[in-house]
1. Two decimals, Cα atoms only, Kirkwood Rh: what is Rg/Rh over the protein assembly as shown?
2. Residue by residue through B:34-42, how many Cβ atoms from other chains fall within 10 Å of the Cβ on average?
3. Order of B:108-116, A:89-97, A:215-223 by packing, highest average Cβ count within 10 Å first?
4. Based only on Cα atoms, what Rg/Rh ratio does the stretch A:36-129 have, Rh being taken as Kirkwood's radius?
5. How many Cβ atoms of partner chains, on average, are near each residue of B:15-23 if near means within 10 Å of its Cβ?
6. What distance in nm lies between label points placed 7 Å from Cα along the C-beta direction at residue A:187 and residue A:18?
7. Given a Förster radius of 56 Å and the C-beta distance between residue B:50 and residue A:224 as r, what FRET efficiency does 1/(1 + (r/R0)^6) yield to the nearest 0.05?
8. So if each residue of separation counts as 0.36 nm, and I subtract the Cα-Cα distance between residue A:156 and residue A:176, what length gain in nm does that give?
């Protein structure tokens, strides 16, 4: 028996990472800002995105959204009410979106071309674990946390919070009846992802949306 | 939760590596696969090991050992100018000065480091 060691030094998700790098290059070349929205189920990603799409459209921006769920096109139908093109991705049991799914759904998306967009939002499958490993080529990863979830969520799921570029707290309109401890929540997010931009929002009242939209415009400006 | 797809990818990658080896090593058997998994990689080593036997069955990896080396998080502290290993993933503060550190230098790895193979009979 002759045994020997062969060095590989290969990323386990190399295939996804390569596809994601290709997507990122095409987003940047088209001048479109792509955001990947991640949170647990029920945080209010869809409601937040509905409001964001509506407000951006009202300002004349060209927007579109891809939305991932295990089953149903309920979210796509909700988001399409904004007037923006929306495409549903059903993963049929897979707990995250990956770069291949994004590529496939961008190809042949009738009436939508990357270079005809200012912003593309990808609403990931509701899950605070798996989406953190899968790069979708996005320029900005946004983690959302609702006031009903508990201030220690960032400490319980540090991997995802640590991989985010921006954090959005949703449902601020019900913060008080929920006994939401704002200072602790902000501290915990910052403890896991030091220096991250945090937006305190309500899709219902529109609170915090101005600041959020300003951030988007600024981030898109950097692309140009 | 996606450990099964990770293990499938590892088995595919290692199998491809074997077919790319020189002729004399064709038919080599894999004894061990060593991974480097960062503490921030969202992967549970036990779940990888659980899937290992099933996925590697009827491949050149059948019967091999999976060794998972967990890489702790290393942060860079700008004020101190040093890199430090952290005990956990609950706080990203410099152990020396207590400052929050945004720069992660290690801990997100998810890679196949190396494999140990048995070439069998070396042909003359």
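Read-outs throughout are calculated quantities, based only on the coordinates presented, and are distinct from any laboratory measurement. Quick caveat, the model's predicted, so the values are computed rather than measured. All Cβ positions, even for glycine, are placed from backbone atoms using ideal geometry, and neighbour counts span all protein chains on display.
1. Rg divided by Rh gives 1.02.
2. Averaged over the peptide's residues, the number is 4.
3. My ranking of the peptides, most packed first, is B:108-116, A:89-97, A:215-223.
4. 0.94
5. Neighbouring Cβ atoms belonging to other protein chains average 1 per residue here.
6. 4.7
7. With R0 = 56 Å, the Cβ-Cβ based efficiency is 0.70.
8. Contour length minus Cα-Cα distance gives 4.9 nm.
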